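S.K.: Quick one: the structure is below, and I'll ask about it shortly.
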Amino acid sequence: METVEQLRRKITSAEDLQSVVRTMKALAAVSIRQYEKALESLAHYYRTISLGLQVVVKNDPSLYSRDWQTERGARLSVILGSDYGMVGQFNDQVVSYAMERIAPAGAQVGIWAMGERVVARLERWGRGADHIYSAPSSVSGVTSAVQHMLLDIEEANLQQRLEGVEFFYNRPLAGAAFEPASFQLLPIDRSWLRSLSRQAWPSRVLPTFSMQSQSLFSALIRQFLFVSIYKAITESLASENASRLAAMQGAEKNIDERLGELQSRYHQQRQSAITEELMDVISGFEALTGDND
């Protein structure tokens, strides 16, 4: 049977762990809000880019009607995960989702991964990552991660003529939930550009521009690629923290239950010890009283 002192030490350890879990909960909640604000700002920027593309393709329909990719080449899949644990099924879900869609193409698809935890899950599927990125730890690190990724994609395209680039990631839902998702980064969806050209302009006057259509179009497409990857990484990080928040809430509940059990046993043991001490005092008193008689 455990002693009172042993139970006291276990209670202290549980309380320390409870404090750590509550701190991680708070940090996750704060991080989620930061990523949500970044996504809100990004939505306005995305709209600006879309309006710019709308003006250009209305002026020059050939920009979306020509065939940009005539050669067949390698396909690239980028899977976004986490570098750290305590995120529940976050990495398992996105890797399972990606592999179910990559598997039919076999080894013809190159895989890049963001997050060491994703690499470990890929190995369980018998696949490896050709390139590994560290996941940003804050909003301020997302821009640098996107820039490096874009440069690497451009270099890979020059070396082996990429047929397509697809991203797999988790996107947040209401509350602390998330779901796996994907989008095609390249080639650009020409039907989307065509639909932009047919949309009505939000004001009475259509803007004009002095740059060559092709140059302006290329600049806007680069910004569109940047925004698309930025959005995917930010949503992945928001989902990661949502998963961590849910995991910490579950851990906190288990710790509370464990603490309640330990405290109950501690009080029982302490009461038993006090009772034994009182019985010893009473027995000693009775023995002394009996000797005097």
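The values are calculated or read from the model by the stated rules, or taken from the named source; none is laboratory data. Please read all numbers here as calculations on a predicted model, not as lab measurements. Note that we place each Cβ from the backbone using ideal geometry, even for glycine, and neighbour counts take in every protein chain shown.
S.K.: Look through segment 145-173, keep the residues that are part of a helix (DSSP H, G or I) and of a type in the set (A, V, I, L, M), and return whichever of them is farthest from Q34 (Cα to Cα). Reasoning before the result, please.
M.R.: Let us first name the residues in segment 145-173 that are part of a helix (DSSP H, G or I), namely 145-160.
Next cut, of a type in the set (A, V, I, L, M) only: 145-146, 149-151, 153, 156, 158.
Details: A145: 17, V146: 18, M149: 22, L150: 24, L151: 26, I153: 28, A156: 32, L158: 36 Å.
Checked segment 145-173; the qualifying residue farthest from Q34 (Cα to Cα) is L158.
S.K.: Under 7 Å between Cβ atoms, which residue pairs at least 6 apart in sequence (or on different chains) link something in segment 152-167 that is among the acidic types (D, E) with a partner that is crowded, with 19+ Cβ neighbours inside 10 Å?
M.R.: E166/S77; E166/L185
S.K.: Being surrounded by 12 or more Cβ atoms within 10 Å (Cβ to Cβ) and of a type in the set (S, T, Y) is the filter here, so list the residues in segment 262-280 that pass it. Break it down stepwise before answering.
M.R.: The initial filter retains those residues of segment 262-280 that are surrounded by 12 or more Cβ atoms within 10 Å (Cβ to Cβ), namely 262-263, 265-270, 272-273.
Of everything in segment 262-280, those that are surrounded by 12 or more Cβ atoms within 10 Å (Cβ to Cβ) and of a type in the set (S, T, Y) turn out to be Y266, S272.
S.K.: Checking the structure you have, find out if any residue of segment 192-210 is in contact with a strand residue (DSSP E or B) (Cβ under 8 Å, 6 or more places away or on another chain) and not β-branched (V, I, T).
M.R.: Of segment 192-210, the ones in contact with a strand residue (DSSP E or B) (Cβ under 8 Å, 6 or more places away or on another chain) are none.
For segment 192-210, residues in contact with a strand residue (DSSP E or B) (Cβ under 8 Å, 6 or more places away or on another chain) and not β-branched (V, I, T): absent.
S.K.: Taking only segment 131-141 into account, find how many residues are of a type in the set (S, T, Y) and in contact (Cβ under 8 Å) with a residue 60 or more places away in the chain. Spell out how you get there, then give the answer.
M.R.: Our first condition is that a residue be of a type in the set (S, T, Y); within segment 131-141, this holds for 133-134, 137-138, 140.
Pick out the ones that are also in contact (Cβ under 8 Å) with a residue 60 or more places away in the chain and you get 138.
Total satisfying the criteria: 1.
Residue by residue, here is whether (1) among the β-branched types (V, I, T); (2) more than 32 Å from the chain's Cα centre (by Cα); (3) closer than 25 Å to R244 by Cβ; (4) surrounded by fewer than 16 Cβ atoms within 10 Å (Cβ to Cβ) holds:
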{"position": "L7", "(1), (2), (3), (4)": "no, yes, no, no"}
{"position": "A14", "(1), (2), (3), (4)": "no, no, yes, no"}
{"position": "S19", "(1), (2), (3), (4)": "no, no, yes, yes"}
{"position": "L27", "(1), (2), (3), (4)": "no, no, yes, yes"}
{"position": "E36", "(1), (2), (3), (4)": "no, no, yes, yes"}
{"position": "V78", "(1), (2), (3), (4)": "yes, no, yes, no"}
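S.K.: Only one of L220, L225 is closer than 16 Å to L150 by Cβ, touching a strand residue (DSSP E or B) at 6+ places or on another chain (Cβ under 7 Å), surrounded by 15 or more Cβ atoms within 10 Å (Cβ to Cβ) and modelled with pLDDT of 85 or more; which? Step through it out loud before you land on a result.
M.R.: Details: L220 fails: touching a strand residue (DSSP E or B) at 6+ places or on another chain (Cβ under 7 Å).
From the options L220, L225, the qualifying one is L225.
S.K.: Looking at (1) over 20 Å from Y230 (Cβ atoms); (2) over 16 Å from the mean Cα position of the chain (by Cα), which is the only condition R117 fails?
M.R.: Only one criterion in (1) over 20 Å from Y230 (Cβ atoms); (2) over 16 Å from the mean Cα position of the chain (by Cα) is unmet by R117, namely (2).
S.K.: Sort through R270, R258 and tell me the only one that's part of a helix (DSSP H, G or I), among the charged types (D, E, K, R) and within 30 Å of G175 (Cα to Cα). Walk me through how you get there before you give the answer.
M.R.: On the way: R270 fails: within 30 Å of G175 (Cα to Cα).
Exactly one of R270, R258 is part of a helix (DSSP H, G or I), among the charged types (D, E, K, R) and within 30 Å of G175 (Cα to Cα), namely R258.
To keep it simple, each residue is scored yes or no on (1) assigned to a loop (DSSP other than H, G, I, E, B); (2) modelled with pLDDT under 95; (3) over 16 Å from the mean Cα position of the chain (by Cα).
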position: G175; (1), (2), (3): yes, yes, no
position: L193; (1), (2), (3): no, yes, yes
position: L196; (1), (2), (3): no, yes, yes
position: S203; (1), (2), (3): yes, yes, yes
position: Q214; (1), (2), (3): no, yes, yes
position: I229; (1), (2), (3): no, no, no
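S.K.: Moving on to the next point. Take the conditions free of Cβ contacts under 8 Å to residues at least 24 places away in the same chain and under 30 Å from S31 (Cβ atoms) and apply them to S144. Does it pass? Write out each step before concluding.
M.R.: Working: free of Cβ contacts under 8 Å to residues at least 24 places away in the same chain: yes; under 30 Å from S31 (Cβ atoms): yes.
For S144, the condition - free of Cβ contacts under 8 Å to residues at least 24 places away in the same chain and under 30 Å from S31 (Cβ atoms) - is met.
S.K.: Go through segment 177-191 and report how many residues are part of a loop (DSSP other than H, G, I, E, B), of a type in the set (A, V, I, L, M) and modelled with pLDDT of 85 or more.
M.R.: 1
S.K.: Testing G128 on (1) surrounded by fewer than 21 Cβ atoms within 10 Å (Cβ to Cβ); (2) touching a helix residue (DSSP H, G or I) at 6+ places or on another chain (Cβ under 8 Å); (3) within 24 Å of F178 (Cα to Cα); (4) without any contact (Cβ under 8 Å) to a residue 60 or more places away in the chain, one condition comes back false. Which one is that?
M.R.: Just one mismatch for G128, condition (3).
S.K.: Just need a number here: residues in segment 151-198 that are buried (at least 16 other Cβ atoms within 10 Å of the Cβ) and among the aliphatic types (A, V, I, L, M).
M.R.: The qualifying residues number 11.
S.K.: Criterion first (closer than 24 Å to W201 by Cα and either at pLDDT 90 or above or crowded, with 23+ Cβ neighbours inside 10 Å (or both)) does V94 satisfy it?
M.R.: No.
S.K.: Only one of A43, A38, A74, A28 is at pLDDT below 90 and under 19 Å from V142 (Cβ atoms); which?
M.R.: Values: A43 fails: at pLDDT below 90; A38 fails: at pLDDT below 90; A74 fails: under 19 Å from V142 (Cβ atoms).
Going through A43, A38, A74, A28 in turn, just one is at pLDDT below 90 and under 19 Å from V142 (Cβ atoms): A28.
S.K.: Cβ-Cβ distance below 9 Å, separation of 6 or more or different chains: which pairs start in segment 189-204 with a residue that is touching a residue at least 24 places away in the same chain (Cβ under 8 Å) and end on one that is exposed (fewer than 10 other Cβ atoms within 10 Å of the Cβ) and assigned to a loop (DSSP other than H, G, I, E, B)?
M.R.: What qualifies is R190/R66; R190/D67.
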